[in-house]
Amino acid sequence: MSVTDAGGSVTVPEVEHAEKEALRGRGLDIVSSLAHNVSIHGTGQGFTVTAELISHHPGSRPWR
């Protein structure tokens, strides 16, 4: 699954371990804990985060 944020930020997204009371900073931490692989790349107009999720159910295939 991929999500693009074209908000114009020049700061590369990174996993943060937010404090309990924090209002932001949990998104990539949650995604990285659920995903088999996470990649972040610039698109020229923002950043795209791509996460590969693996299902452990018999006969299933990875989501991409």
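The values are calculated or read from the model by the stated rules, or taken from the named source; none is laboratory data. Worth saying up front: this structure is predicted, and the values here are computed from it rather than measured. In this analysis, Cβ positions are derived from the backbone assuming ideal geometry, glycine residues included, and neighbour counts consider all displayed protein chains. Just so you know, the surface numbers come from the protein's heavy atoms only, side chains and all, with ligands and any DNA or RNA stripped out. Shrake-Rupley method; radii C 1.70, N 1.55, O 1.52, S 1.80 Å.
Gain in length, L53 to V15, computed as 0.36 nm per residue apart minus the alpha-carbon separation, to one decimal in nm?
Taking L53 through V15 to full extension adds about 12.0 nm, to one decimal.
With a 1.4 Å probe and all protein chains left in place, how much of the accessible area of the chain comes from carbon and sulfur atoms, in whole percent?
55
Which whole number in µm²/s is D for the chain by Stokes-Einstein, with the Kirkwood Rh taken over Cα pairs at 4 °C and 1.567 mPa s?
Value of D from the Cα-based Kirkwood radius: 99 µm²/s.
Give, as a single signed number, the net charge of other residues whose beta carbon lies under 13 Å from the beta carbon of S33, with Lys and Arg counted +1 and Asp and Glu -1.
Summing Lys/Arg as +1 and Asp/Glu as -1 gives -1.
Around F47, under 13 Å between beta carbons, what's the net of Lys plus Arg minus Asp minus Glu among the other residues?
Values: positive: none; negative: D5, E14.
Spelling it out: positives minus negatives among the neighbours equals -2.
Could you size up the charge dipole of the chain around its Cα centre, putting +1 on the beta carbon of Lys and Arg and -1 on that of Asp and Glu, and report it in debye to the nearest 20?
260
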